[in-house]
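Worksheet: the structure to be examined is printed underneath.
The values are calculated or read from the model by the stated rules, or taken from the named source; none is laboratory data. Values in this document were obtained by computation on a predicted structure and should not be read as measured data. In this analysis, Cβ positions are derived from the backbone assuming ideal geometry, glycine residues included, and neighbour counts consider all displayed protein chains. To get the accessible areas, we keep the full protein, side chains included, count just its heavy atoms, and leave off ligands, DNA and RNA. Shrake-Rupley method; radii C 1.70, N 1.55, O 1.52, S 1.80 Å.
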Amino acid sequence: MNSAARRIGRTLALVLPVVLVLSGTLAVTRVPWASPTSESQMLTASSGTAASHQQPRHRAPQEVLRDQLLAELQEKNPGTALTHLQEATTKRPSLAKHCASIARALGRAAVEKYGASHRAQAYSRPVCDTSFASGVATAK
C-alpha cells in the first residue's frame, strides 16, 4: 500500500507541472484584443518577431472605442455612451488610462448635440473622475 501511494505521488509530481505549464501556455496564446478585426491571432514562441508576421496596425483601441461611443451618443444619448465607456474600461483595463480623454470628448459632443451645457450636464456620471462634466464645461 505504501509503495503504491509513493508511485502515485511520483507520477503526479512529474505529470502535474507539465499539465499546468501546457494549459497556461495554451491559455495565453490566443490574444483576441490585439487586433481590431474579429479574427483572433495565434502567437507562438517559435514565431520569431511578432512584428514580422502581423499586418500593419490600423488604429489604436482607444480611438476605435472613442469613435464608437461618439456615434452612440449621437444615435441615443450620453448616458448610454457613458455606461458603455465604463463597461469597456472594466472589461479591458488597458483602456482605463484613456478613459478621461474619451469622457471629455463625450462631454464636448453632448454640448454640440444639445446646444445647451445644462442639458448635456444632466447626463453627467462619475465615470472617469467626472471627466464628462469637465468636457461639458470646456465646450464652446
Using the structure shown, decide if ALA71 is hydrophobic (A, V, I, L, M, F, W, C), modelled with pLDDT of 85 or more and either open to solvent by 70 Å² or more (accessible area, probe 1.4 Å) or more than 14 Å from SER131 (Cβ to Cβ) (or both).
-> yes
Would you mind stating whether ALA110 is within 17 Å of ASN77 (Cα to Cα), in a helix (DSSP H, G or I) and either of a type in the set (Gly, Ala, Ser) or open to solvent by 60 Å² or more (accessible area, probe 1.4 Å) (or both)?
-> yes
Pick from region 58-91 the residues that are farther than 16 Å from VAL127 by Cβ and assigned to a helix (DSSP H, G or I): which of them is nearest to the chain's Cα centre (by Cα)?
-> PRO61
From the set of residues in region 2-41 that are at pLDDT 75 or above and not hydrophobic (A, V, I, L, M, F, W, C), which is nearest to GLN62 (Cα to Cα)?
-> PRO17
